[in-house]
1. Surrounded by 12 or more Cβ atoms within 10 Å (Cβ to Cβ), modelled with pLDDT of 95 or more and over 9 Å from the mean Cα position of the chain (by Cα): does that describe residue 25?
2. Does region 28-62 hold any residues that are at positive phi and over 10 Å from the mean Cα position of the chain (by Cα), and which are they?
3. Quick one: in region 1-22, of everything that is touching a strand residue (DSSP E or B) at 6+ places or on another chain (Cβ under 6 Å) and either assigned to a strand (DSSP E or B) or at pLDDT 95 or above (or both), which residue is surrounded by the most Cβ atoms within 10 Å (Cβ to Cβ)?
4. Taking region 28-66, which residues are in a strand (DSSP E or B) and surrounded by fewer than 13 Cβ atoms within 10 Å (Cβ to Cβ)?
5. What is the one condition in (1) modelled with pLDDT under 95; (2) in contact with a strand residue (DSSP E or B) (Cβ under 7 Å, 6 or more places away or on another chain) that residue 43 does not satisfy?
């Protein structure tokens with residue numbers, strides 16, 4: 001099995017486009033773990049299985065772009 005290094009990993013840019021007000025606490029924690037605090041805030045993160053799961057849970061609150 002081949003190990004991936006950070007150089008071979010795909011980076012993505014995640015931007016929060018909707019508020020977390022009125023959402024359940026788990027979705028708020030997912031946004032926090034992605035590093036998103038306010039509407040318009042964005043982070044560049046490494047795309048892997050764990051971040052993919054977080055993104056799927058809050059897909060209606062964020063915008064995802066490929067970042068090369």
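1. Values: surrounded by 12 or more Cβ atoms within 10 Å (Cβ to Cβ): no; modelled with pLDDT of 95 or more: yes; over 9 Å from the mean Cα position of the chain (by Cα): yes.
So residue 25 does not fit the description; no.
2. Residue satisfying the conditions is 40 alone.
3. 14
4. Of everything in region 28-66, those that are in a strand (DSSP E or B) and surrounded by fewer than 13 Cβ atoms within 10 Å (Cβ to Cβ) turn out to be 44, 46, 63, 65, 66.
5. (1)
The values are calculated or read from the model by the stated rules, or taken from the named source; none is laboratory data. Keep in mind it's a predicted model, so treat the numbers as computed, not measured. Note: ideal-geometry Cβ built from the backbone for every residue, glycine included; neighbour counts use all protein chains shown.
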